[in-house]
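Visitor: Once you've had a glance at the structure underneath, I'll fire off some questions.
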Amino acid sequence: MDYVEILQSVGILSGIGGTLALLMSVAKNTVGNYGECNITVNDDKVLEVQGGETLLSTLIDNGIFIPSACGGKGTCGYCTAQVFEGGGEFLATEAPHITPKERENHVRLTCQVKVKRDMKIGIPEEYLSLRQYFTKVESIVDVTDKIKHLTLQLAPEDAMEFKAGQYVQILAPEYENSDEEIYRAYSICSSPDVKDKLELFIGYIPEGIATTYVHFHLKEGDDLEIIGPFGHFFYQDTDKEMVMAAIGTGLAPIMSILRYMRNHKIHRKARVFFSARHKADLYMMEELLEIQKEIPEIEYYFSLTRPEESDNWDGLRGRVTDTIPQFIEDASNMEAYLCGNNAMIDAVIATLKEKGMPEESIFYDKFE
């Protein structure tokens, strides 16, 4: 192929690329353009919005924050709302997260519903009080080789009221490996008694947009936008014996609850199950033991799933699903606080129900 032919080939390819880009632009501005739409919220608030985006992102753009742990991927099932009119057909992607009874009650996943026409929706009134907070990163500490401990400073006028066990969403802005802003949910590990600072544990997930940002781009002194607080998983003021179980960063809400109990001198009997692969992955041990000194009714059951010879580990082995049955015979008068991935939560719930724990006494928070 001579030089002229090469130039002709490059010109043809460039022309094709330009045509495709033009067609995509036209499609975006015509097929995907639904014009202005009105969203009526709870019969008394009307939002004038531009159609074309998901209901979840449209509400966020208008200052209404719906819980979401997966960033709108349709995998967590948290971002539900009632869609009475204008939601279109129920999608197969919603089915795994919406029960038949909820579907009859017009419940939809807001990340899967597109705003294409006027809509009428219903959301819990508590969501209307959720707000944005602009924080400054006070410190970032490695507690394991994959988990960072963030401390965020809030302005005095922005003190956050939350319950031990709840979570916030952080906004990962655009950076060199991501061309979009994205929200991700992380449990608060600090006590609600501290209102001008928030602490989070954030584990690294390969190719995770938010975790990559936190682990490799976020620096001390940076500004970080958060939304919250979210969640119906929080400390219950009863006198029942507590069963707490966590893996990885699931320790965060458990830590918040334990710190709250220490601060308020709550001497309830509690069994805390925490498992990790290696000894180095068992973090916050020093503070956990200090809490136990002040509340001796707390018992810890730390276990390793893959101890190495260098760990010199003579403690429990196995997952929390292995250790819980060893130490709990009758759970009928207990209540549980669980935080981990879907498989761990489902397995622990099944175990506790077999031991007699009522389902209404099991509180949990799942993460991806």
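Visitor: Please work out which one of (1) of a type in the set (A, V, I, L, M); (2) modelled with pLDDT of 90 or more; (3) under 26 Å from residue 38 (Cα atoms) is the condition residue 128 fails and give its number.
Guide: (2)
Visitor: Of the residues that sit in region 131-162 and are in contact with a Pro (Cβ under 8 Å, 6 or more places away or on another chain) and crowded, with 18+ Cβ neighbours inside 10 Å, which one is modelled with the lowest pLDDT?
Guide: Taking region 131-162 and keeping what is in contact with a Pro (Cβ under 8 Å, 6 or more places away or on another chain), we get 160-162.
Now narrow it down to the ones that are crowded, with 18+ Cβ neighbours inside 10 Å: 160, 162.
On the way: 160: 92, 162: 95.
Filtering first and then ranking leaves 160.
Visitor: List every residue pair whose Cβ atoms sit under 7 Å apart, with the two residues 6 or more apart in sequence or on different chains, where the first one lies in region 332-355 and is without any contact (Cβ under 8 Å) to a residue 40 or more places away in the chain and the second, anywhere, is of a type in the set (A, V, I, L, M) and surrounded by fewer than 15 Cβ atoms within 10 Å (Cβ to Cβ).
Guide: That search, which allows pairs on different chains as well, returns nothing.
Visitor: State all residues of region 181-224 that are of a type in the set (Ser, Thr, Tyr) and in a loop (DSSP other than H, G, I, E, B); if no residue qualifies, say none. So that I can check it myself, show each step before the final result.
Guide: Going through region 181-224, the residues of a type in the set (Ser, Thr, Tyr) turn out to be 183, 186-187, 190-191, 204, 211-213.
Once the filter is applied, which keeps residues that are of a type in the set (Ser, Thr, Tyr) and in a loop (DSSP other than H, G, I, E, B), region 181-224 yields 190, 191, 204.
Visitor: Hey, any hits in region 306-316 for a residue that's within 14 Å of residue 247 (Cβ to Cβ), modelled with pLDDT of 95 or more and within 25 Å of the chain's Cα centre (by Cα)?
Guide: No, because not a single residue in region 306-316 is within 14 Å of residue 247 (Cβ to Cβ), modelled with pLDDT of 95 or more and within 25 Å of the chain's Cα centre (by Cα).
Visitor: Further question: If a residue must be on the phi < 0 side of the Ramachandran plot, in a loop (DSSP other than H, G, I, E, B) and surrounded by 12 or more Cβ atoms within 10 Å (Cβ to Cβ), how many such residues does region 295-331 contain? Full working, then the answer.
Guide: First, pick out the residues of region 295-331 that are on the phi < 0 side of the Ramachandran plot: 295-311, 313-317, 319-331.
The next check asks that each one be in a loop (DSSP other than H, G, I, E, B); those that pass are 295-297, 305-308, 313-315, 319, 328-331.
Checking the rest, the ones that are also surrounded by 12 or more Cβ atoms within 10 Å (Cβ to Cβ) come to 295, 297, 305, 307-308, 313, 315, 319, 328, 331.
Going through region 295-331 one residue at a time, the tally reaches 10.
Visitor: Identify the single condition in (1) of a type in the set (D, E, K, R); (2) in contact (Cβ under 8 Å) with a residue 60 or more places away in the chain; (3) more than 30 Å from residue 192 (Cα to Cα) that residue 138 does not satisfy, given that it satisfies every other one.
Guide: (3)
Visitor: Can you find, within region 242-294, the residue that is nearest to residue 309 (Cα to Cα) among those that are of a type in the set (S, T, N, Q) and either crowded, with 19+ Cβ neighbours inside 10 Å or under 21 Å from the mean Cα position of the chain (by Cα) (or both)? It would help to see each step written out before you state the result.
Guide: Going residue by residue through region 242-294, those that are of a type in the set (S, T, N, Q) are 249, 256, 263, 275, 292.
Narrowing further to those that are either crowded, with 19+ Cβ neighbours inside 10 Å or under 21 Å from the mean Cα position of the chain (by Cα) (or both): 249, 256, 275.
Values: 249: 25, 256: 33, 275: 17 Å.
The qualifying residue nearest to residue 309 (Cα to Cα) is 275.
Visitor: Next question, about the same structure. Kindly indicate which of 308, 359 is farther than 28 Å from residue 208 by Cβ and either touching a strand residue (DSSP E or B) at 6+ places or on another chain (Cβ under 6 Å) or not hydroxyl-bearing (Ser, Thr, Tyr) (or both).
Guide: Working: 308 fails: farther than 28 Å from residue 208 by Cβ.
None of the others qualify; the one that does is 359.
Visitor: Can you tell me which residue in region 112-158 is nearest to residue 210 (Cα to Cα), limited to those that are charged (D, E, K, R) and in a strand (DSSP E or B)? Give the derivation first.
Guide: If we filter region 112-158 for residues that are charged (D, E, K, R), which is where we start, we get 114, 116-118, 120, 125-126, 131, 136, 138, 142, 145-146, 148, 157-158.
Still in the list and also in a strand (DSSP E or B): 114, 120, 131, 136, 138, 142, 148.
Working: 114: 24, 120: 32, 131: 20, 136: 17, 138: 18, 142: 17, 148: 13 Å.
Checking each candidate, the answer is 148.
The values are calculated or read from the model by the stated rules, or taken from the named source; none is laboratory data. From a predicted model like this one, the values you see are computed outputs, not experimental measurements. Glycine gets a Cβ as well: all are built from the backbone with ideal geometry, and neighbour counts include every protein chain shown.
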